[in-house]
Each structure stands twice: as structure tokens, then as C-alpha cells.
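Structure, as C-alpha cells:
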Amino acid sequence: MVAFATLAMALTAAGSGHTQWALVAGLICAATLLFGLTVMTTTVHRDHVERHNAPSLLNDTWESTPAFVRRRGAPQAIEPRLTR
């Protein structure tokens with residue numbers, strides 16, 4: 001939402017000839033999008049590592065996927081093996 005607002009401000013400033021403000025608003029827009037993408041990516045990665053059912057930024061508790069469901073999909077020949 002913030003990224004769209006700053007994008008609109010950047011486009012308006014650029015269209016009206018205020019290039020400095022357009023540059024500032026564009027940088028804020030890019031930083032906001034990059035931060036949001038980073039937060040979503042790290043959340044999905046953390047949820048995959050902890051074997052949560054679905055990635056969620058707002059839910060504090062998750063149901064773990066049962067072990068038999070995690071094992072059921074791949075044949076034994078291609079399952080990863082733990083090395084000691």
C-alpha cells in the first residue's frame with residue numbers, strides 16, 4: 001500500500017516537473033518494495049525450514065505437517081539421506 005502511494009507521488013512529481021521529489025519518492029518506493037519482498041521471502045523460508053503448513057506473517061501458531069504426509073510423497077530411492 002505504501003509502495004503504491006509513493007509510486008503515485010513519484011509519477012505526479014515527475015509529471016509536474018519536480019525531478020528531485022520524484023527521485024526521492026521513487027527511492028522510497030523501491031526501498032519499500034525491497035523491504036516487503038525481503039520480509040516475505042524470509043518468512044516463507046523460515047516456515048519451510050520449520051515445516052509449517054502454510055507461510056503466515058500474522059499467525060503465531062502453526063500446525064505441523066504430520067510425519068507420514070511428509071514421507072509419503074517421494075519413493076525411498078530419491079529421498080535425501082542424512083550424513084553423520
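Points worth noting:
- If the segment from residue 51 to residue 4 were pulled out straight at 0.36 nm per residue, it would be longer than the present Cα-Cα gap by 13.6 nm.
- Prolate/oblate/rounded call for the range 1-50, Cα gyration tensor, a/c under 1.5 rounded: prolate
The numbers here are math on the coordinates, done by the rules we state, and not lab data. Just so it is clear, the structure is predicted and the values come from calculations on it, not from any experiment.
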